[in-house]
Structures are given as C-alpha cells and as structure tokens.
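A short write-up of the structure that comes next.
The values are calculated or read from the model by the stated rules, or taken from the named source; none is laboratory data. Model, not experiment: these values are computed from the prediction. Positions of Cβ are generated from backbone atoms using ideal geometry, with glycine treated the same way; all protein chains shown enter the neighbour counts.
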Ligand SMILES: [Zn+2]
C-alpha cells in the first residue's frame, strides 16, 4: 500500500483503537499513530525514510538529501538484516511492541504499535501479502489481491474509511 493509504487507514481506525484499548485519541497520539503506520516500511526506504523530500521546497534539494541520508543508510541496514516485508512486517513483532508498551505503561508506544498494526493489516490485503506466521515460516499471506497504487487500493481505502466512519468514529466524536 502507498504511504497515503497507510496514514488514512491508521487515522480512520482511531475509533476502533479507542473502543478496544479505552485510550482516547489526542493531538499527541495521532502523530504517533501516523508514525507507526509508516514505520514498517523502513525496511524498503518508504516514506518514513524520505520525509526530507517534503521539506525540499523550503530547504532545497541538497539539504533535503542530507536530511534523508542517515535514514536511508539505516533503512539499508534494516533491509539487509530483515529483508522487505520480513520480520518487521510480522504480527509477532507488532505484538512485541504492544507488550513492551503495556508492560512499561508507555502509552506513546501503544499508539505507535496501533499504527504499526494497521500497516501490517493493510499490507496483508495486497498481492504481496505479509509473513503472518513469521519468523516461523517465510510464506506470505494475502487476503485480497490489491495492487499498490491501483484503483483497487483507492476503492479499498474508500470502503475502509466508510466502515470506520459508520462503526467507530461516532464514539470518538461523541
Ligand atoms: Zn509495508
């Protein structure tokens, strides 16, 4: 899925997070959820690594690239260790984030993990799938044949936003 889709799905799921965890969204939690929704793609030099580009109109190409350089290097290391859609795209890694957040009572980490979970769920709906049972098996599971950047992705995002708006956002707004 594209970065925009991951962000939209994560933000749309805030009502569900509230219903399941009892934690109300706040202006502080939303950036953490967004960050978590983009974090898994650090293994593929995704948008989370390339945020210097958003600054490029104001700081210029050279400075934007300098900002990105450390993250690109980190991303390269992560990819070489875990591979794209490897361990960092597994539910067990996401569960570890939740477990640490709950154990240490780090609310910020729980919000981050929530966004992270939405990323894995969304990627599971693509043709490439995710290793749902990783690291125990390398086989990827795909529950929908959506191609990243396709019309199918737009339709799926629209459907997800509609379902969340009807079912869970009411509890956030009221
Ligand atoms: Zn991903």
### Query
With (1) touching a helix residue (DSSP H, G or I) at 6+ places or on another chain (Cβ under 9 Å); (2) away from the ligand (no atom under 15 Å from the Cβ) as the list, and residue 146 as the residue in question, which single condition is left unmet?
(2)
### Query
Is one or more of the residues making up the stretch 20-27 in a helix (DSSP H, G or I) and closer than 16 Å to residue 123 by Cα?
no
### Query
For the stretch 28-41, does any single residue satisfy the condition of being modelled with pLDDT under 90, assigned to a helix (DSSP H, G or I) and either buried (at least 19 other Cβ atoms within 10 Å of the Cβ) or within 14 Å of the ligand (Cβ to nearest atom) (or both)?
no
## Note on the structure
Residue pairs qualifying under the 7 Å Cβ cut-off, at least six apart or on distinct chains, with the first in the stretch 71-84 being closer than 12 Å to residue 41 by Cβ and the second being modelled with pLDDT under 90, are 71/49; 75/45; 75/49; 79/44; 84/44
### Query
Can you tell which of 152, 101, 158 is touching a helix residue (DSSP H, G or I) at 6+ places or on another chain (Cβ under 6 Å), free of Cβ contacts under 8 Å to residues at least 24 places away in the same chain and more than 13 Å from the ligand (Cβ to nearest atom)?
101
### Query
What single numbered condition from (1) crowded, with 19+ Cβ neighbours inside 10 Å; (2) more than 13 Å from the ligand (Cβ to nearest atom) fails to hold for residue 59?
(1)
### Message
Being out of contact with any strand residue (DSSP E or B) (no Cβ under 7 Å at 6 or more places or on another chain), modelled with pLDDT of 95 or more, under 19 Å from residue 17 (Cβ atoms) and surrounded by 14 or more Cβ atoms within 10 Å (Cβ to Cβ): is that true of residue 95 here?
### Response
no
### Query
Considering 69, 3, 10, which residue is within 16 Å of the ligand (Cβ to nearest atom), at pLDDT 85 or above and surrounded by fewer than 19 Cβ atoms within 10 Å (Cβ to Cβ)?
3
